[in-house]
1. Rounded to the nearest 20 Debye, what is the dipole magnitude of the chain about its Cα centre when Lys and Arg each give +1 and Asp and Glu each give -1 at the C-beta?
2. Report the full-extension gain for the segment Leu252 to Ala2: residue separation times 0.36 nm, less the Cα-Cα distance, to one decimal in nm.
3. From the Cα trace of the stretch 122-254, what convex hull volume per residue do you get, rounded to a whole Å³?
4. According to the square roots a ≥ b ≥ c of the eigenvalues of the Cα gyration tensor, what is the shape class of the stretch 184-233, taking rounded for a/c under 1.5, prolate for a/b larger than b/c otherwise, and oblate for the remainder?
5. Take the Cα pairs of the stretch 145-209, get the Kirkwood Rh, then feed it into Stokes-Einstein at 25 °C and 0.890 mPa s and tell me D in µm²/s.
6. Only Cα pairs under 8 Å and at least 6 apart count here; give the relative contact order of the chain as a rounded whole percent.
7. What does the highest-first list of 35-41, 168-174 look like by mean Cβ count within 10 Å?
8. Which of the trypsin sites (Lys or Arg not before Pro) found in the stretch 54-100 are in a DSSP loop and have at most 11 neighbouring Cβ atoms, other than their own, within 10 Å?
Amino acid sequence: MARKKFIAGNWKMTTNSQSARTLAQGVVKGLGDESSVEVALCPPFPWLGIVAEEIKNSPLSLGAQNVYPVNEGAYTGEVSPTMLADAGVKYVIVGHSERRHGMGESDFILNRKVKAALAAGLNVIFCIGETLAERESNQTNSILEYQTTAGLVGVDHGSLSRLVIAYEPVWAIGTGRNATPEQAQEAHAFIRSVYGNLFNAEAAENLQIQYGGSVKPDNAAVILGQPDVDGALVGGASLKADSFLAIIRAGLGK
Ligand code: PGA
């Protein structure tokens, strides 16, 4: 069975209540009832309700950018998996490099987040990726293998259909320097083999692996055309409906 393409927009810490609403409306309108590609919007927490309202009668899904690995309690400032599910969130991004490297999140905490989110019924977009120094010292595969293994230890087989991996080379995020289609394909095929060893061949075959890092309308088609690239996690180019829709169309092969 061919894997469905999955395009997610990571709005990061941008937009305001009005621009978030307008952006969601633009994507809803442009997407229409197209459902042969999966599309998710991941706004900042305060606009989850606004975006949920705008996408209600569309094929779009709602995503969040972070989660705390406990459902309730004295954790000032944090947001729980069950709260996200209650707010209509389907996907949550875990392990984005801006959180690994910017906020110091460890493989251990990320693994807790993955398991807690899955346990609450959420789908997880688990991000991994090497830094430029790691790539230049030929450590890409060992980093990808380590992050995949450490992040997914203890995940039960029953929830694998709700897990997506995003390969996001740190040097490509927000830099305008995307991985070449060959670099993306090579990394994705490697991640799929690691995942197959961790779980099983069928799970690996069904796993959607997104590429992220400077995906734009003009490079999306060739990257998304690689056999092991099953979608994109899009930052900057998801902030305008037109460019995000152009990437979605590339995912459809149009
Ligand atoms: P970018 O971000 O598309 O702006 O490079 C991708 C991401 O951080 O997920």
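The values are calculated or read from the model by the stated rules, or taken from the named source; none is laboratory data. These numbers were taken from a predicted model, which means no experiment stands behind them. Cβ sites come from the backbone with ideal geometry, for glycine too, and all protein chains shown count toward neighbours. These accessible areas exclude ligands, DNA and RNA; they are computed on the full protein's heavy atoms, side chains included. Shrake-Rupley method; radii C 1.70, N 1.55, O 1.52, S 1.80 Å.
1. 500 debye
2. The span from Leu252 to Ala2 would gain 88.7 nm if fully extended.
3. 103 Å³
4. Prolate is the answer for the stretch 184-233, as a/c is 1.5 or above and a/b outweighs b/c.
5. 194 µm²/s
6. Over the chain, the number comes to 21 percent.
7. 168-174, 35-41
8. Filter output for the stretch 54-100: Lys56.
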